[in-house]
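*Asks:* Sharing a structure below in structure tokens format, with a few things to ask.
Just so it is clear, none of the values below were taken in a lab; they were calculated from the coordinates. Since the structure is predicted, the reported quantities are computational estimates derived from the model, not experimental observations. Cβ coordinates were reconstructed from backbone atoms using ideal geometry, including for glycine residues, and neighbour counts include every protein chain displayed.
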Amino acid sequence: MHPTGTLYAALAAMCFVSAAHAEVKSTGPDHIQILFTERVAAAPAAVYAAIGQVERWWSGEHTYSGDASNLSLALQPGGCFCERWAGGAVEHGRVVMLLRDQVVRLSAPLGPVQALGVSATLTFLVKPEDGGSSLSVGYRVNGSAASGLDKLAPAVDGVLAIQVQRLKRLVEAGKPVS
């Protein structure tokens, strides 16, 4: 199957996945707003650093190449959340804001959302909490009503829920899966 077809199929399959700490805050044909919150048993600096190690926590099943080791995320203004492999490359997002140990914000129309000509923002907020951290991951997508974003919301929520859980496990256990 073509890599794009694989990604669409994976997104469709994720419609039936829900996350315990996720909430689709709002959705409509022209927008999606999703928020994930997690308590992470690690200092904010460790969580922030792990965000930049996207190749260690993002699932290869949700990449175009099928291999997360092809991912990179440069934690610097204008830094690319990119995927490069022998058959191609894609810019998943671009860093638009950084506050060390607190905020990573990307302009990031992920996966099939990218083809819709929409605006999408992925924000990681990290705060100290009870000897560990509170991690909030928000994803906002806005476009025209013709985009049909409400139909994609469950799949987007499911795919991002997996990534947030993998990030949490990487920080807490040193690996993204148990």
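*Asks:* Say each of Ser144 and Trp85 gets a label point 7 Å from the Cα, pointing the same way as Cα to Cβ; how far apart are those two points in nm?
*Replies:* According to this spin-label approximation, the distance is 3.2 nm.
*Asks:* Here are several values of Kirkwood radius over Cα pairs in Å: [x] 20.3; [y] 23.2; [z] 16.3. Which one was derived from the coordinates shown?
*Replies:* [z]
*Asks:* Show me 78-89, 151-162 ranked by packing, highest mean number of other Cβ atoms within 10 Å first.
*Replies:* By packing density, highest mean first, the sequence is 151-162, 78-89.
*Asks:* Here's another thing I want to ask about it. Angle, helix 149-173 long axis vs. longest principal axis of the chain, Cα atoms, 0 to 90°, nearest 10?
*Replies:* 30
*Asks:* Among residues other than Gly132 whose Cβ falls under 12 Å from its Cβ, what is the net charge (Lys/Arg +1, Asp/Glu -1)?
*Replies:* Neighbour charge sum, excluding Gly132 itself: -1.
*Asks:* Can you order the peptides 100-113, 122-135 by their average number of other Cβ atoms within 10 Å per residue, highest first?
*Replies:* In decreasing order of mean packing, 100-113, 122-135 become 100-113, 122-135.
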